[in-house]
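Some notes on the structure that comes next.
Only the coordinates and a few stated rules stand behind these numbers; no lab work does. Keep in mind that this is a model prediction, so the values were computed, not measured. Cβ: placed from backbone, ideal geometry, glycine included. Neighbour counts: every protein chain shown.
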Amino acid sequence: MNLREQANQASLVLDNEAFKLTLVRLNNDLVTQWGMSQTVEEREACWMKLQALGSVLDDLKAVIDDYKIENAGR
């Protein structure tokens, strides 16, 4: 798959309403779990999951940005 196809697929994922709703729900659930955590380990697990979720979004956005940068001069 070339960069253009990857950017198109990443854009489709990020624009998908079911995906967006799932991200919001996951984020809210993790923040709630984090707030209700009783141990450091539980809090750290929630924090790591939140960071992983953000990392997935950042990576998808980076694919789109890379394509835009590569094609900016064309």
Taking a cut-off of 23 Å between Cα atoms, list the lysines near Lys49, but don't count ones fewer than 8 places away on the same chain. Lys20, Lys61
Can you compute the FRET efficiency between Val31 and Asn8 using 1/(1 + (r/R0)^6), with r the Cβ-Cβ distance and R0 = 30 Å? Round to the nearest 0.05. 0.45
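With +1 on the Cβ of every Lys and Arg and -1 on the Cβ of every Asp and Glu, and nothing else charged, how large is the dipole of the chain about its Cα centre, in debye rounded to the nearest 20? Write down the numbers at each step before the final one.
Working: 8 positive and 12 negative charges, 39 e Å.
Using only the charged Cβ atoms, the result is roughly 180 debye.
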Run lengths n ≥ 4 of DSSP H only: what is the helix-derived mean residue ellipticity at 222 nm for the chain, with -39500 (n - 2.57) per run over all residues, to the nearest 500? -30000 deg cm²/dmol
Dipole of the chain, positive direction: furthest Cα of Val31, Gly73, Leu53, with charges on the beta-carbon: Gly73
Expressed as a whole-number percentage, the relative contact order of the chain with C-alpha contacts under 8 angstrom and at least six residues apart is 47
Point-to-point label distance, Lys68-Val24, nm (Cα→Cβ direction, 7 Å offset): 2.3
Between (1) 21, 14, 11; (2) 23, 13, 9; (3) 33, 13, 8, which matches semi-axes √(5λ) of the Cα gyration tensor in Å calculated for the structure shown? (3)
Can you work out the Karplus-derived ³J(HN,Hα) for every residue in the range 37-47? Use 6.51 cos²θ - 1.76 cosθ + 1.60 with θ = phi - 60°, whole Hz, and x for glycine or proline. 4, 9, 10, 4, 4, 5, 5, 5, 5, 5, 4
